[in-house]
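Peer 1: Please see the structure below; I have some questions.
The values are calculated or read from the model by the stated rules, or taken from the named source; none is laboratory data. The structure presented is a predicted model; accordingly, all values stated were derived computationally and were not measured. Here Cβ is always computed from backbone atoms with ideal geometry, including for glycine, and neighbour counts include all displayed protein chains.
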């Protein structure tokens, strides 16, 4: 082989290896040569904040819509998701990556492969609902964390037709002390006379975007509610009433429980200047990896991170679960620099070799 042929062979070999290389999301290296490493390479290592890190168990059954009967392939199949149903004559939808019907769902999905969806259009409001695993307790403070995304779809729920409406909507959590008051013969909402047994528990003003975010509703239970519903308010803003296309909302990972049961994902203690900085984590699974400024810290796969022992100092630290998989989620915390006292004094009327006492 001539030198020229050898050089060409080497060039194409390197080119082939760079094209075929895949990013390892937990080794601190730029495996695919795109200049981005680990969590900073979001295209190859999609990972969402929150997920199941630091969250409470949900008293809503099947909160991430993972368990189902038949794979959904057409609209109005929310009942295929175990434990879920439609609350009015409007038929909400079930999506799962097991079928191409889910192609309108923004990805990566926050938790698993299944999500629910409902529309909020003039005269036709849709709601998802479920009987709780355990009833709420009157007088107790509760919290709902829910992952949301939104868009404009066609009426067949097959095509994304544009960005979401630039107007927020008060997405509403409803409660019912009964477990058999559905579906209600209306498409106008759960606060109409036909839905007199449903009560508004709380709302969140959600500005829709075609990307997932976590929204929170805080409320005090006024009764021992056994069932919940989630969807739009009875009255829609002007932009929704006159929308040319279908305002649509995607829902995943509905975590409802006593507010006191939600813990912080990461807890920081110690000071850098004392070499005792420690980050402790509340995680539900053992498959973890720690990151510094988005890049994996080799060998750090425990629940707790001894920051001082790593020698990395101030910066952003993240803990990811299931890195490199569709279920990846992370929590982050910044370690601030140490604050040292500033000396501010003057010396007068001192003759050497005098002593100074501070």
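Residues checked against (1) touching a helix residue (DSSP H, G or I) at 6+ places or on another chain (Cβ under 9 Å); (2) over 27 Å from residue 110 (Cα atoms); (3) modelled with pLDDT of 85 or more; (4) surrounded by 11 or more Cβ atoms within 10 Å (Cβ to Cβ):
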| position | (1), (2), (3), (4) |
| --- | --- |
| 2 | no, yes, no, no |
| 6 | no, yes, no, no |
| 9 | no, yes, no, yes |
| 27 | yes, no, yes, yes |
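Peer 1: For region 13-21, indicate whether the set of residues that are part of a loop (DSSP other than H, G, I, E, B) and either surrounded by fewer than 16 Cβ atoms within 10 Å (Cβ to Cβ) or at pLDDT 85 or above (or both) is non-empty.
Peer 2: Looking only at region 13-21, we keep the residues that are part of a loop (DSSP other than H, G, I, E, B), and these are 21.
Retained after the next criterion (residues that are either surrounded by fewer than 16 Cβ atoms within 10 Å (Cβ to Cβ) or at pLDDT 85 or above (or both)): 21.
Yes, because at least one residue in region 13-21 is part of a loop (DSSP other than H, G, I, E, B) and either surrounded by fewer than 16 Cβ atoms within 10 Å (Cβ to Cβ) or at pLDDT 85 or above (or both).
Peer 1: Being buried (at least 21 other Cβ atoms within 10 Å of the Cβ) and either over 26 Å from the mean Cα position of the chain (by Cα) or within 30 Å of residue 302 (Cβ to Cβ) (or both): is that true of residue 175 here?
Peer 2: Values: buried (at least 21 other Cβ atoms within 10 Å of the Cβ): yes; either over 26 Å from the mean Cα position of the chain (by Cα) or within 30 Å of residue 302 (Cβ to Cβ) (or both): no.
No; evaluated as a whole, the condition is false for this residue.
Peer 1: Which condition number in (1) outside any strand (DSSP E or B); (2) in contact with a strand residue (DSSP E or B) (Cβ under 9 Å, 6 or more places away or on another chain); (3) at pLDDT 90 or above is the one that residue 285 fails?
Peer 2: So residue 285 meets the others, but not (3).
Peer 1: Considering region 46-80 alone, what residues qualify as being modelled with pLDDT of 85 or more and in contact with a helix residue (DSSP H, G or I) (Cβ under 7 Å, 6 or more places away or on another chain)? Steps first, please.
Peer 2: Here is the first cut: in region 46-80, the residues modelled with pLDDT of 85 or more are 58-80.
Those that are modelled with pLDDT of 85 or more and in contact with a helix residue (DSSP H, G or I) (Cβ under 7 Å, 6 or more places away or on another chain): 68, 69, 70, 72, 73, 74.
Peer 1: Can you name every residue in region 189-209 that is in contact (Cβ under 8 Å) with a residue 24 or more places away in the chain and either outside any strand (DSSP E or B) or farther than 12 Å from residue 170 by Cβ (or both)? Steps first, please.
Peer 2: Narrowing region 189-209 to residues in contact (Cβ under 8 Å) with a residue 24 or more places away in the chain: 189-192, 195, 198-209.
Once the filter is applied, which keeps residues that are in contact (Cβ under 8 Å) with a residue 24 or more places away in the chain and either outside any strand (DSSP E or B) or farther than 12 Å from residue 170 by Cβ (or both), region 189-209 yields 189, 190, 191, 192, 195, 198, 199, 201, 207, 208, 209.
Peer 1: Follow-up question, since we're still on this one. Run down 258, 268, 305, 312 and say which single residue is surrounded by 20 or more Cβ atoms within 10 Å (Cβ to Cβ), on the phi < 0 side of the Ramachandran plot and in contact (Cβ under 8 Å) with a residue 12 or more places away in the chain. Spell out how you get there, then give the answer.
Peer 2: Numbers: 258 fails: surrounded by 20 or more Cβ atoms within 10 Å (Cβ to Cβ); 268 fails: surrounded by 20 or more Cβ atoms within 10 Å (Cβ to Cβ); 312 fails: surrounded by 20 or more Cβ atoms within 10 Å (Cβ to Cβ).
It is 305.
Peer 1: Return the residues of region 210-229 that are surrounded by 15 or more Cβ atoms within 10 Å (Cβ to Cβ), outside any strand (DSSP E or B) and modelled with pLDDT under 95; say none if nothing qualifies.
Peer 2: Within region 210-229, 210, 212 qualify.
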